[in-house]
Amino acid sequence: MRTKITDSSVEVWLSKDEIYEWSRRWPGSTLRGHRLWAQFDRVGDPVALTIDGGSRVDDVDSHEFNACIADHLNQCKRFPKEHPLWFDIVGRFLEEA
């Protein structure tokens, strides 16, 4: 996973391999076999998203997208719980949050 994290935005790049490993826990995954890039704004809303470098986002389940991003960013040491966007992008989608 590659990330670009500032005080007011977050960008995430996930490879096919990273998504494949994650999707093994998500039956019927719509992300399996794809790579994605997502950008979140200063209030934690996704403002841009591409699948495989294109715009096939209508084929992606939004619940799966949120869970995948949250799980990956929750493990990112550069994105601590104290970050102003952590709860909006990660915390609200995790059971233990």
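For LYS16, the lysines whose Cα falls under 23 Å of its own Cα, not counting residues fewer than eight places away in the same chain, are LYS4, LYS77.
Run the helix sum for the chain: -39,500 (n - 2.57) per DSSP H stretch of 4+ residues, divided by residue count, reported at 222 nm to the nearest 500 deg cm²/dmol.
-7000 deg cm²/dmol
Axis angle, to the nearest 10 degrees, between helix 62-74 and the longest C-alpha principal axis of the chain: 50 degrees.
For the pair ASP52 and MET1 in one chain, pulling the backbone fully straight at 0.36 nm per residue adds 16.9 nm over the alpha carbon distance. Label sites at ARG78 and GLN39, each approximated as a point 7 angstrom past Cα along Cα to Cβ, lie 1.6 nm apart. Largest first, the extents of the alpha carbon coordinates of the chain on the three principal axes equal 33, 28, 20 Å. Among VAL60, VAL43, VAL10, VAL90, the order by Cβ neighbours within 10 angstrom, fewest to most, reads VAL43, VAL60, VAL90, VAL10.
Going from the residue with the fewest nearby Cβ atoms within 10 Å to the one with the most, LYS16, LYS4, LYS77 rank LYS77, LYS4, LYS16.
Each value in this text was obtained by applying a stated rule to the coordinates, not by laboratory testing. Remember, predicted model here, so these are calculated numbers, not experimental data. In this analysis, Cβ positions are derived from the backbone assuming ideal geometry, glycine residues included, and neighbour counts consider all displayed protein chains.
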